[in-house]
1. Could you work out the helix-only [θ] at 222 nm for the chain, with each DSSP H run of four or more residues adding -39,500 (n - 2.57) and the total divided by the number of residues, to the nearest 500 deg cm²/dmol?
2. For the pair residue 240 and residue 344, how long in nm is the line joining their label points, each one 7 Å along Cα→Cβ?
3. For each of 358, 179, 263, count neighbouring Cβ atoms within 10 Å of the residue's Cβ, then give the residues from fewest to most.
4. Let's test the formula: R0 of 45 Å, r as the Cβ-Cβ distance of residue 270 and residue 221. What FRET efficiency results, to the nearest 0.05?
5. Determine the relative contact order of the chain: mean sequence separation of Cα pairs under 8 Å and six or more apart, normalised by residue count, in whole percent.
6. Stretched out fully, how many nm does the piece from residue 136 to residue 193 gain, at 0.36 nm a residue minus the Cα gap?
7. Provide the gained length on full extension for the span residue 103 to residue 203, in nm with one decimal, where the gain is 0.36 nm per separating residue minus the Cα-Cα distance.
8. Using a Gaussian network model on the chain with a 10 Å cutoff between Cα atoms, which of 134, 118, 280 fluctuates the most?
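What follows draws every value from the coordinates through simple rules; no lab data is involved. Quantities reported herein were computed from a predicted structural model and do not represent experimental measurements. Glycine also receives a Cβ, built like all others from the backbone with ideal geometry; neighbour counts cover every protein chain displayed.
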Amino acid sequence: NYTILSEDDIQQRQEEDITRISTVLSLSRVSASILLRHYNWCVSKVHDAWFADEEKVRKTVGLLDNPVVHYTNVKELTCGICFENYPRDRIHTTACGHPFCSSCWKGYISTSINDGPGCLMLRCPDPSCGAAVGQDMINLLVSDEDKEKYSRYLLRSYVEDNRKTKWCPAPGCDYAVDFLVGSGSYDVSCNCTYSFCWNCTEEAHRPVDCGTVAKWILKNSAESENMNWILANSKPCPKCKRPIEKNQGCMHITCTPPCKFEFCWLCLGSWSDHGERTGGFYACNRYETAKQEGAYDETEKRREMAKNSLERYTHYYERWATNQSSRQKAISDLQQMQAVHIEKLSHKQCQLESQLKFITEAWLQIIECRRVLKWTYAYGYYLPEHEHAKRQFFEYLQGEAESGLERLHQCAEKELQVYLNAESPSKDFNEFRTKLAGLTR
C-alpha cells in the first residue's frame, strides 16, 4: 500500500506530471510547473480547475495571456525599481511586461530564494501586478548556487505539498513515501530500515492508536509529571514555600539559606514549639492529634493521590523504556550478527550462510516484538480502571507475549553463544535450529 521513492524517483515523477500538464493544456513546461505547484502537484485538480474556468485560473496563478504594459520602438526603458534608464537588452520582464533591469531582478529573486520556499510563488516586483515569475527567468538571472537552491525547493515541494507523499522522518534519510490513503494499516518501513506511522509520523506503534501515542509522548515530556513528583515527595517550607524533599533522618527540618527556618516535617509547625513533650525527633503528637481531628485530611489525600498516580505512571513508563532500550540493543546485536557472527558461525558449524537465515529472522522478530510490547504499556496506562474484564484479559495477553519474547530473546542471545564459542561443529546444532525457529513462529 506504499512505495518508497528515492530522489531520482521523485524527480522523474515530477517531470512526468509537468509533461502531462504541458501536453494536455498546450502550455510551456515552466507554466505547467507553476500551475501544478499552485494545486499541490495534483494533476486532476489542475485539469478540473482549468477546464472549468481557464481565465480565472490564469488570473489566480499569475499566467497572463497578454502583457499589461506595451512598448513600441523604444530603445531605452526605465527600471521600475532603481528608476535608471537601460537599453532594451538589459531590461527583463515577465508576461506582464513591467520593466526591471538585470541587477534589480537578480537582487529581488536572490533575496526571495534565500528567504526560503516562498520563492516558488514569486510574483512580479510591481506591487499592483500578480504575474508569476517562472524558473526560466530564475535560471537566466541568478547565480548557480541560487539556481540549485530553487531546484531543491521545487523538488521538496513535490513531496511536502502533496498529500499522498511524505519524507521518511528518520534523521538523515532522503527517501520519501508515496502512500495509498485508505488502504488499512498505516505502518511504513523505509529502505533506511526505520519504521514509522504514516498518519502521525511517529515511530511505528501498532496496536496503539495515534491519539494514545500523542498523549503518552506528551506525558513523558510534560511538566505535569515534575509537579506530580514534587507534590508526592516534598512539602513546602512554612516560611518561604520552597519545596523540600525528605529522604532520610528525623522530623527536624532546616530550610536552606537564606531562609534557615526550622520546622517539624509532619505538622509543619515551628521546631521551637517541639521537644520531648511532643514526641521527640522521630514523632509528632500534635500531628497525630490534628490528623484524628481531620485537620490534615485534604492535604494528605491530595499528596496520597499524587503519590499513587506517580507510582502508577512510573510502573508503566519503566517497562515502556526497558523494552525500548532492549529493542535498541537487539537492533545493534542484529547488525553485529550480520556483519561478523553469521560468517563465524558458518565457518565453525560447517553451514552455508543461507542455511543460517533462521537466526536473522529470529532477531528481526525480537525487534518487532519489543516494539509491539513497548507500546502495550502505553495502551495499558490509558485503559479505563473500571473496565476490569478488559484489563484482566489485556494483562493476561501482555504477560503471555512478554514470557514468549523472553524465551526467544534468551535463546537467540545466550544459547547461540555456545555455538559461536565452539571449537568444532556441534552435534546438537540442528536441535538448536529447530528450537529457535519454533520460538520465532
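1. Details: 16 runs with 228 residues, N = 441.
Taken over the chain, the calculation gives -16500 deg cm²/dmol.
2. Result: 5.7 nm between the two label points.
3. Least to most surrounded, the residues fall as 358, 179, 263.
4. So the FRET efficiency works out to roughly 0.70.
5. 10 percent
6. 16.6 nm
7. Between residue 103 and residue 203, full extension yields 31.2 nm more.
8. Evaluated over the chain, the most mobile residue of the options is 280.
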